[in-house]
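The values are calculated or read from the model by the stated rules, or taken from the named source; none is laboratory data. Nothing here was measured: the structure is a model prediction, and the numbers come from that model. Here the Cβ positions follow ideal geometry from the backbone for every residue, glycine too, while neighbour counts run over all protein chains shown.
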Amino acid sequence: MNDLPELYFTMETYLFPMLEEEIGELTAKMKEFLRIVEMIKPSRFINSTLRWCGLGRPMKDREKMLRAFFLKSVYDLPTTKGLIENLKTNLSLRRLCGWEYRGEVPSEATFSRAFGIFAEEKVCDTIHASLVRENYIDKIVGHASLDSTAIIGREKACRKNTPKLKLKKKRGRKSKAEKAALSEQEIAEVKTRRLEVQPNRILPENLADLPQGCDWGGKRDSKGKTSYWCGYKLHLAVGDGEVPLAAILSSASLHDSQAAIPLMQMSSERATILYDLADSAYDAEEIKDVSEKMGHIPIIDPNPRRGETIELSPARKMRYRERSTVERVNSDLKDNYGARHVRVKGHWKVLCHLMFGVIAITVKQLFNMLE
């Protein structure tokens with residue numbers, strides 16, 4: 001990776017010993033948090049929207065609050081109130097975020113407003129994209145594994161992600177001309193399969209087409225049992241070493257295969273990939289064709305529902321075993337980085353909450369590859 005070995009050596013040799021003399025012994029979580037801050041350098045992503053421009057009451061320092069939200073993710077704190085209590089009672093954590101006195105820690109409402117701005121400005125998406133690009137310049141990712149995981153929401157399911165307009169119907173019997181016009185309109189409104197149009201569209205168009213509202217979804221596990229939940233679905237593309245390359249949040253009802261092409265487009269913009277690995281849910285000709293056009297080799301488990309099952313060759317079976325990396329990242333995100341307790345509502349806020357954990361895992365795995 002670019003300057004990652006040099007950064008690792010500098011932190012282990014100079015930064016950590018210096019901080020231990022200043023604030024005391026550093027725990028493993030503190031070191032993980034410091035690696036995130038030093039590698040990301042949050043000040044780079046505080047744009048003019050997040051800074052005080054001299055009008056009205058000065059805003060609280062958004063850079064310190066961005067650090068605090070990373071601290072919340074690393075320590076897997078379920079609520080902002082718990083984060084504030086830890087900052088006020090733990091001098092070391094407070095000083096690592098940039099506040100000297102407990103009275104300087106912002107209120108819960110201030111944290112909430114700052115989080116809303118981070119979600120609206122898509123700060124976490126920008127950080128993660130920059131992080132992957134900077135550390136994968138002139139590098140090759142052997143295997144990019146695709147999969148999704150359920151995200152339980154704390155909001156009501158929307159009735160329809162694409163509501164139809166209700167038009168007033170004309171009273172009386174329709175003429176033959178009106179019936180013919182209606183039949184033509186119905187034929188024109190027949191939707192084309194999303195997988196058929198995705199290869200011909202760019203990434204922003206494909207992302208805009210995906211449903212984003214909270215709704216009900218179901219997923220079958222490896223034991224054949226189907227579980228249902230109300231919320232969202234997080235789609236991840238994970239590279240070698242369990243490093244997340246791209247993340248997309250959609251409605252829970254979206255089928256996994258419909259997020260595959262946008263995931264491949266997003267991850268290909270950030271890194272050079274050789275193989276795309278996916279389970280039988282992604283067994284579609286359109287996905288394989290797009291992967292091959294990008295210069296990748298798709299290795300997708302054949303779907304038994306498509307007639308005769310064609311087994312993978314022994315060499316492809318060995319490479320397919322690497323797909324377990326994405327499952328481990330999904331598990332790590334839920335168990336240790338806050339994906340099990342989503343307390344915010346709305347697509348962009350839920351995505352922002354999850355991306356803090358995705359970024360933390362990305363930094364952790366990049367440093368783990370050096371050890």
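Does at least one position in the stretch 115-129 carry a residue that is modelled with pLDDT of 75 or more, outside the structural domain of K334 (by TED's automatic domain parsing) and farther than 20 Å from C352 by Cβ?
Checked against the condition, which is being modelled with pLDDT of 75 or more, outside the structural domain of K334 (by TED's automatic domain parsing) and farther than 20 Å from C352 by Cβ, the stretch 115-129 yields no hits at all.
Could you count how many residues in the stretch 191-230 are assigned to a strand (DSSP E or B), out of contact with any Asp or Glu (no Cβ under 8 Å at 6 or more places or on another chain) and surrounded by 10 or more Cβ atoms within 10 Å (Cβ to Cβ)?
Residues flagged as assigned to a strand (DSSP E or B), out of contact with any Asp or Glu (no Cβ under 8 Å at 6 or more places or on another chain) and surrounded by 10 or more Cβ atoms within 10 Å (Cβ to Cβ) within the stretch 191-230 amount to 8.
Being over 13 Å from D147 (Cβ atoms) and modelled with pLDDT of 95 or more is the filter here, so list the residues in the stretch 275-286 that pass it.
Y275
Could you tell me which of the residues R95, R44 is in the same structural domain as F115 (by TED's automatic domain parsing) and modelled with pLDDT of 90 or more?
Going through R95, R44 in turn, the sole match is R95.
Here are L167, L210: which of them is out of contact with any Cys (no Cβ under 9 Å at 6 or more places or on another chain) and modelled with pLDDT of 90 or more?
So the residue among L167, L210 that is out of contact with any Cys (no Cβ under 9 Å at 6 or more places or on another chain) and modelled with pLDDT of 90 or more is L210.
Quick one: what pairs do we get from the stretch 324-345, first residue of a type in the set (S, T, Y), second part of a loop (DSSP other than H, G, I, E, B), C-beta under 6 Å, 6+ apart or different chains?
Between residues of the stretch 324-345 that are of a type in the set (S, T, Y) and residues that are part of a loop (DSSP other than H, G, I, E, B), the close pairs are T325/E242.
Being closer than 13 Å to L146 by Cα and surrounded by fewer than 18 Cβ atoms within 10 Å (Cβ to Cβ): is that true of S257 here?
No.
Is it the case that L351 is closer than 24 Å to P211 by Cβ, among the aliphatic types (A, V, I, L, M) and in contact (Cβ under 8 Å) with a residue 40 or more places away in the chain?
For L351, the condition - closer than 24 Å to P211 by Cβ, among the aliphatic types (A, V, I, L, M) and in contact (Cβ under 8 Å) with a residue 40 or more places away in the chain - is met.
Quick one: would you say E85 is assigned to a helix (DSSP H, G or I), surrounded by fewer than 17 Cβ atoms within 10 Å (Cβ to Cβ) and modelled with pLDDT of 95 or more?
Considered against the rule, which asks whether it is assigned to a helix (DSSP H, G or I), surrounded by fewer than 17 Cβ atoms within 10 Å (Cβ to Cβ) and modelled with pLDDT of 95 or more, E85 comes out as yes.
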